[in-house]
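Trainee: The structure follows.
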Amino acid sequence: MIQNKIQSYFYVRPSSIEGKRGTLYVRVKFPLNGKCQAMTSSIRAIEMYAEEFDMKAKEPKPGSRHYHDVKKLIQGVSDGVVRVFEDRMITRKAFTMDDLKSVIEEVSFQINNPGLPYNFRTLPDVFQSFMVEQSKVVGSLISKGTYDLRGRNLKTVQKVLEKLDYSAMPISYYETDHIEQIQLCMLEEGKKKSFVGRVMQVVNMTLKYAVAKKYAAKNPYEDLKKIRIDKTPNPIWLEPHELEAWWELDLTDNPVAEKIRDAFYFCSFTGLAIGDYELLNPKTQQKQIEDARSPRFIEPGEIVETRAGRMLMGRRKKTGTQYRVPLRAEVEEVIEKYGGLGMLPFNLPTSGKLLELIAKAAGVKKKKMSFHMARKTFANYLINVARIKPYYAIEIMGWKKIEEAAPYTRVSDETLASQLPQDTSACNTQAPPQVRTEAVERHGVFTIHRTGS
């Protein structure tokens, strides 16, 4: 009876790209509140040409690519839809698109992995499914940069799993010890704790997703002893005298190195990250914003004339927070050198090795350098050289809160000492006046009088 009430129709939608295979689709019709409802979903596991599918018979043509697999999939999806629909009828719940997609996913898995139970999933398998779900929220909840970073983290995890011989282990078998071994393996390979921490957060997301999808009964990451990431900043920034030597270095014989030097110098006095600096390029601004697909509002920096002077204002590419940087003479000098803000050198190689070569030539002794060091240099300048108040630093750097300064700089002893005067004579050391209290009777009423000596 139920089979007569719900029906599944299959067809192939041709690709818009010539020569590329199309995608198999299923359209399900079923009754709901006395009306006929319909929903359609693609079956990404199958790609075939429209000519390989018999639209009248609603099945693949004999001799077509993956003929037997397609037949099994069509039958499996049809039967699965009926089974789930019947369960929904009994429990008085609606048949939803999620139900249809779950049926397709289960049948596709069983065809591709014959003999294995449906909940058999390896960690890389689940991560791939998780990334598919994440791709749907790029631009609304996460940026494309975050999505791409998680994809790179997957490659790191896959290498570790191969080394530990965990690649084929079902995700439902994972215990806290296994997750700890993944973490330990990356640390033993010499990877930074901050990097390992970020990768492990993505592993945690994957495990949470596995629990939600019922591929695993629990998340073993929850009992993991987390690594302690030292928030003490690595004091890699340039001091004022080093910046001066950096700028005075003669690089006229090496135009590429000169442009890198100038861009770094500009960011050392504006605090711009490399992404925000590149966003100043008027030729690629729009494309950069579109490619970022960020849910946050991104605004390229521009120079604004104010009553207090010229300021560089914009919204950060990473966080969308506003920055307002008063332009110092050093910044104006770089802008004048290239003929305007939009004429600064862009699309430069930002390799740390190039920066280290320039630093060596300038007599700046730093073991390791990166372009992000320019932002750290400006943060150090604000806090330890200019010694401005924290809430001003937030506005200039584009931070959301002062705690974000922790990875960038460390308050120097001199800055702390300057905030506490050593000359106590400047303080008011006079003793407070003595107060005498007495009760005075007047017309039978006692009144309290306090007088100072």
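The values are calculated or read from the model by the stated rules, or taken from the named source; none is laboratory data. Bear in mind the structure is a predicted one, so any value in this text is a computation, not a measurement. FYI the Cβ positions are ideal-geometry reconstructions off the backbone, even for glycines, and counts take in every protein chain you see. Note: accessible area is taken over every heavy atom of the protein model, side chains too, but ligands, DNA and RNA are not part of it. Shrake-Rupley method; radii C 1.70, N 1.55, O 1.52, S 1.80 Å.
Trainee: Can you give me the number of residues within region 65-82 that are surrounded by fewer than 17 Cβ atoms within 10 Å (Cβ to Cβ) and either hydroxyl-bearing (Ser, Thr, Tyr) or without any contact (Cβ under 8 Å) to a residue 12 or more places away in the chain (or both)?
Mentor: Qualifying residue count, region 65-82: 4.
Trainee: Against the condition farther than 27 Å from Arg293 by Cα and not acidic (Asp, Glu), how does Lys93 come out, does it pass? Don't jump to the end; show me each part of the working.
Mentor: Details: farther than 27 Å from Arg293 by Cα: yes; not acidic (Asp, Glu): yes.
So Lys93 passes the test.
Trainee: Next question. With the checklist (1) closer than 18 Å to Gln128 by Cα; (2) open to solvent by 30 Å² or more (accessible area, probe 1.4 Å) in hand, flag the one item Asn204 doesn't pass.
Mentor: That leaves (2) as the condition not met.
Trainee: Filter region 24-56 down to the residues that are modelled with pLDDT under 85, open to solvent by less than 70 Å² (accessible area, probe 1.4 Å) and among the small types (Gly, Ala, Ser) and list them by number.
Mentor: Ala45
Trainee: Within region 304-361, can you find the residues that are over 24 Å from the mean Cα position of the chain (by Cα), part of a strand (DSSP E or B) and of a type in the set (Ser, Thr, Tyr)?
Mentor: Residue satisfying the conditions is Thr306 alone.
Trainee: Counting only residues that are out of contact with any Gly (no Cβ under 7 Å at 6 or more places or on another chain), more than 17 Å from Ser8 (Cα to Cα) and not small (Gly, Ala, Ser), how many does region 48-86 have? Working first, answer last.
Mentor: Applying the first criterion (out of contact with any Gly (no Cβ under 7 Å at 6 or more places or on another chain)) to region 48-86 yields 51-86.
Cutting the leftovers down to more than 17 Å from Ser8 (Cα to Cα) gives us 51-52, 61-69.
Filter once more, keeping what is not small (Gly, Ala, Ser): 51-52, 61-62, 65-69.
Selection size over region 48-86: 9.
Trainee: Separate question: If you go through region 361-371 one residue at a time, do you hit one that is within 19 Å of Arg316 (Cα to Cα), among the aromatic types (Phe, Trp, Tyr) and out of contact with any Phe, Trp or Tyr (no Cβ under 7 Å at 6 or more places or on another chain)?
Mentor: no
Trainee: Which one of the conditions (1) open to solvent by less than 40 Å² (accessible area, probe 1.4 Å); (2) closer than 19 Å to Phe130 by Cβ; (3) touching a residue at least 40 places away in the same chain (Cβ under 8 Å) does Lys213 fail to meet, given that it meets all the rest?
Mentor: (1)
Trainee: State yes or no: is Tyr221 hydroxyl-bearing (Ser, Thr, Tyr), within 26 Å of the chain's Cα centre (by Cα) and crowded, with 20+ Cβ neighbours inside 10 Å? Don't jump to the end; show me each part of the working.
Mentor: Working: hydroxyl-bearing (Ser, Thr, Tyr): yes; within 26 Å of the chain's Cα centre (by Cα): yes; crowded, with 20+ Cβ neighbours inside 10 Å: yes.
The answer is yes for Tyr221.
Trainee: Next up: In region 109-126, is there at least one residue being of a type in the set (D, E, K, R), assigned to a helix (DSSP H, G or I) and loosely packed, with under 13 Cβ neighbours inside 10 Å? Reasoning before the result, please.
Mentor: The initial filter retains those residues of region 109-126 that are of a type in the set (D, E, K, R), namely 121, 125.
Restricting the remaining residues to those that are assigned to a helix (DSSP H, G or I) gives 125.
Those left that are additionally loosely packed, with under 13 Cβ neighbours inside 10 Å: none.
Taking every residue of region 109-126 in turn, none turns out to be of a type in the set (D, E, K, R), assigned to a helix (DSSP H, G or I) and loosely packed, with under 13 Cβ neighbours inside 10 Å.
Trainee: Would you confirm whether any residue within region 13-23 is open to solvent by 90 Å² or more (accessible area, probe 1.4 Å), part of a strand (DSSP E or B) and within 24 Å of Met97 (Cα to Cα)?
Mentor: Yes.
Trainee: For Val256, indicate whether it is out of contact with any strand residue (DSSP E or B) (no Cβ under 8 Å at 6 or more places or on another chain), surrounded by fewer than 17 Cβ atoms within 10 Å (Cβ to Cβ), hydrophobic (A, V, I, L, M, F, W, C) and touching a residue at least 24 places away in the same chain (Cβ under 8 Å).
Mentor: Values: out of contact with any strand residue (DSSP E or B) (no Cβ under 8 Å at 6 or more places or on another chain): yes; surrounded by fewer than 17 Cβ atoms within 10 Å (Cβ to Cβ): yes; hydrophobic (A, V, I, L, M, F, W, C): yes; touching a residue at least 24 places away in the same chain (Cβ under 8 Å): yes.
Here the answer is yes, as Val256 does meet what is asked.
Trainee: Which pairs do you get when a residue that is over 11 Å from Ser143 (Cα atoms) and open to solvent by less than 50 Å² (accessible area, probe 1.4 Å), found in region 286-298, comes within reach of a residue that is part of a helix (DSSP H, G or I) and among the acidic types (Asp, Glu), reach meaning Cβ atoms under 8 angstrom, with the pair 6+ apart or on two chains?
Mentor: Sorted first by the residue in region 286-298, then by its partner, the pairs are Gln288/Glu278.
Trainee: Where residues in region 24-49 are among the hydroxyl-bearing types (Ser, Thr, Tyr) and assigned to a strand (DSSP E or B), which of them is farthest from Phe109 (Cα to Cα)?
Mentor: Filtering region 24-49 down to residues among the hydroxyl-bearing types (Ser, Thr, Tyr) leaves 25, 40-42, 49.
Filter once more, so that each one left must be assigned to a strand (DSSP E or B): 25, 40-42.
Values: Tyr25: 17, Thr40: 20, Ser41: 16, Ser42: 15 Å.
Among those residues, the one meeting the criterion is Thr40.
Trainee: Here's another thing I want to ask about it. Taking region 259-277 as the search range and keeping residues that are part of a helix (DSSP H, G or I) and either out of contact with any helix residue (DSSP H, G or I) (no Cβ under 7 Å at 6 or more places or on another chain) or among the aromatic types (Phe, Trp, Tyr) (or both), which one is surrounded by the fewest Cβ atoms within 10 Å (Cβ to Cβ)? So that I can check it myself, show each step before the final result.
Mentor: Residues of region 259-277 that are part of a helix (DSSP H, G or I), as a first pass: 259-268, 274-277.
Retained after the next criterion (residues that are either out of contact with any helix residue (DSSP H, G or I) (no Cβ under 7 Å at 6 or more places or on another chain) or among the aromatic types (Phe, Trp, Tyr) (or both)): 259, 264-266, 274-277.
Details: Lys259: 18, Phe264: 27, Tyr265: 20, Phe266: 24, Ile274: 18, Gly275: 14, Asp276: 24, Tyr277: 24.
Once the filter is applied, the top-ranked residue is Gly275.
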